[in-house]
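Notes follow the structure.
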Amino acid sequence: MTVHTVPTQPIAGQKPGTSGLRKKTPVFMQPHYLENFVQAIWNGTGGAEGKTYVLGGDGRYFGDRAAQVILRMAAASGAKKVIVGQNALLSTPAASHLIRLRGADGGIIMSASHNPGGPTEDFGVKYNVANGGPAPEPVTEKIFEATKALTEYRILDAQDADLSTPGTRILGGMEIEVVDPVADYADLMRSIFDFDKIRALFADGFRIRFDAMHAVTGPYAKAILEGELGAPAGSVVNAVPSPDFGGGHPDPNPIWAKDLMDAMFGADAPDFGAASDGDGDRNMIVGRDCYVTPSDSLAVLAANATLVPAYAGGLKGVARSMPTSRALDRVAESLGLACYETPTGWKFFGNLLDAGKATLCGEESAGTGSDHVREKDGLWAVLFWLNLLAERRQPVAGIMADHWAKYGRNYYSRHDYEAVDAAAAGELVAALRGKLGSLPGRSAAGLRIEAADEFAYDDPVDGSRSEGQGLRIMTEGGGRIVLRLSGTGTEGATLRVYLERVETDPARMQDDPQEALAGVIAAAEEIAGIRARTGRTAPDVIT
Ligand code: G16
């Protein structure tokens, strides 16, 4: 087999975003595009020579072809071994676990997460480091720098490797080990949760609907929920991963998982509903007639963590991304736990988890996880809920009512304006940034503004500083408005407006968060001029 050294030139725009490099699939399929980025990963991380990697993805369109290219490039650059999920499938948390379990040097995950997949939709490549987590900013910076200096890449001239059955293959001088994508992950879950208790819950007639959204969690949820825990056959729906996610948008929220919402709010609803995203790291939790926001879910998990065997000794600390509601902070305060506030992006939790400063982390964008891996983990969150439901034997709505009565309720909503003209979105943010200093003391829509700033994060472990992480406006009574531009979109700009308000009096708690937040929503509009600047009359997605 021959190693080809292919001359190439830097391709503009290969800067990893919030979570790896995400582009439209046709962009990734352009000549040299994937190859350049993969070579830049090797070049930016000290070369592939002698290294062991994990490789897998969420099964989206082009993933099978990309896997073969990455394998040939790893072999051409002298990698020792690549551990690949069967048929190039691995959920993101399972990939993180495999990197840690096998002591691999890193891993490549082929996914654009919750973004739609298909020939005209999105594709992505993410590099994870040896702790199993997404490459932190200093590493993604080096990879980006490498993309700008490329003159050639190396690739082996070889047939496709057989990834369809577990076993060992040789490609050039490199070993390929194809593994069952579910087995090691299932072992890990068994070591964390009380499977016997959950089994007893199902044996008593408890019903679940888990919507895998035609994405990678299907095989995991089938094996664990139905196969091992005894949920009735058919509890896991849309369980076969498809390259275009059945034409859907594999983002577990009330908009894109509407079928699940309908089932949970309809007649004869199951006791518990859940969904996961394209690559299996996000989760959505919904009880009968009761949607649980990701921020509230995180707070409930923290408050109930000692019911789970792995966390029975208590948590070392907790962490949330800045835009995530401060429901978690209230639990942390009551339990006497440190609570860290990080920028958006799971990569920022890695150091806290590695240093033993936090056990549990989460984000408003439907991600929750713990120190069991270094990614957020959708099915883990579902099993966590099942474990606490098996212990408490209460409906989800009852658990939420108890939680709010004890800790207060942080009403929370995110309004997304998608595919906005990038220049207009940039101007909106710049204009708001420019007037942050003048806001404190003023009122907007009748709400007094107490403070306003741009979030910057000083990592308490490695001392690195990340600036420009979102604009924050605090209003009286614990209200908060946050604006930032998404780092995961692939078209124009996505403006995210995060809205929050606290209510501690159970007698005044309302059902509808949009109503409860009406004043904060009006204040955000008055301060930022969102309608005028984006030309939109309403958000595209409200979660
Ligand atoms: C990624 C990141 C998350 C982030 C989310 C949304 O999730 O890992 O930390 O909250 O994107 O980011 P943004 O607001 O910049 O679009 P995923 O599930 O897409 O990998």
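The values are calculated or read from the model by the stated rules, or taken from the named source; none is laboratory data. Since we're looking at a predicted model, the values are computed, not measured. Note that each Cβ is placed from the backbone with ideal geometry, even for glycine, and that neighbours are counted across all protein chains shown.
Taken over the stretch 450-480, the residue count meeting the criterion of being hydrophobic (A, V, I, L, M, F, W, C), in a loop (DSSP other than H, G, I, E, B) and in contact with a helix residue (DSSP H, G or I) (Cβ under 8 Å, 6 or more places away or on another chain) is 1. Among the residues examined, Ile527 does not qualify as part of a helix (DSSP H, G or I) and within 23 Å of Ala299 (Cβ to Cβ).
From the list Ala239, Ala231, Ala267, which residue is away from the ligand (no atom under 14 Å from the Cβ), more than 27 Å from Ile399 (Cα to Cα) and either in a loop (DSSP other than H, G, I, E, B) or out of contact with any Gly (no Cβ under 8 Å at 6 or more places or on another chain) (or both)?
Result of the check over Ala239, Ala231, Ala267: Ala239.
Please tell me if Gly273 is assigned by TED's automatic domain parsing to the domain that holds Asp402, assigned to a strand (DSSP E or B) and more than 16 Å from the ligand (Cβ to nearest atom). Reasoning before the result, please.
Working: assigned by TED's automatic domain parsing to the domain that holds Asp402: yes; assigned to a strand (DSSP E or B): yes; more than 16 Å from the ligand (Cβ to nearest atom): yes.
In short, yes.
Condition first: part of a strand (DSSP E or B) and basic (Lys, Arg). Now tell me which residues in the stretch 192-210 satisfy that. Within the stretch 192-210, Arg209 is the sole residue that qualifies. When Leu337, Leu328, Leu386 are checked against the criterion of being of a type in the set (A, V, I, L, M, F, W, C), assigned by TED's automatic domain parsing to the domain that holds Ser297, surrounded by fewer than 22 Cβ atoms within 10 Å (Cβ to Cβ) and over 20 Å from Ser96 (Cβ atoms), a single residue qualifies: Leu337. Count of the stretch 305-358 residues, restricted to those that are among the hydroxyl-bearing types (Ser, Thr, Tyr) and more than 23 Å from Trp404 (Cα to Cα), is 2. Filter the stretch 371-380 for residues that are buried (at least 24 other Cβ atoms within 10 Å of the Cβ) and more than 19 Å from Val292 (Cα to Cα); which is nearest to the ligand (Cβ to nearest atom)? Filtering the stretch 371-380 for residues that are buried (at least 24 other Cβ atoms within 10 Å of the Cβ) and more than 19 Å from Val292 (Cα to Cα), the one nearest to the ligand (Cβ to nearest atom) comes out as Glu375. Filter the stretch 228-245 down to the residues that are surrounded by fewer than 16 Cβ atoms within 10 Å (Cβ to Cβ) and of a type outside the set (A, V, I, L, M) and list them by number. The answer is Glu228, Pro232, Gly234. Scan the stretch 319-364 for residues that are within 16 Å of the ligand (Cβ to nearest atom) and aliphatic (A, V, I, L, M) and the total you get is 7.
Considered as a group, the residues in the stretch 140-191 that are among the hydrophobic types (A, V, I, L, M, F, W, C) and in a loop (DSSP other than H, G, I, E, B) include one that is farthest from Tyr53 (Cα to Cα), and that residue is Ala149. Restricting the stretch 469-508 to residues that are basic (Lys, Arg) and away from the ligand (no atom under 16 Å from the Cβ), which is farthest from Arg22 (Cα to Cα)? For the stretch 469-508, the residue satisfying everything is Arg508.
Tyr291 fulfils the conditions (1) in contact with a Pro (Cβ under 8 Å, 6 or more places away or on another chain); (2) within 16 Å of the ligand (Cβ to nearest atom); (3) not polar (S, T, N, Q) except for a single criterion, (2). Residue-level analysis places Asp196 outside the set of residues that are crowded, with 16+ Cβ neighbours inside 10 Å and either under 16 Å from Leu388 (Cα atoms) or within 21 Å of the chain's Cα centre (by Cα) (or both).
Out of all the residues in the stretch 126-139, which are more than 16 Å from the ligand (Cβ to nearest atom) and either outside any helix (DSSP H, G or I) or closer than 20 Å to Gly56 by Cβ (or both)?
Listed by number, the list holds a single entry, Ala130.
Scanning the stretch 1-60 for residues being free of Cβ contacts under 8 Å to residues at least 12 places away in the same chain and under 23 Å from Arg100 (Cβ atoms) gives a total of 1. Applying the set (1) more than 16 Å from the ligand (Cβ to nearest atom); (2) modelled with pLDDT under 95 to Glu49 leaves exactly one unmet item: (2).
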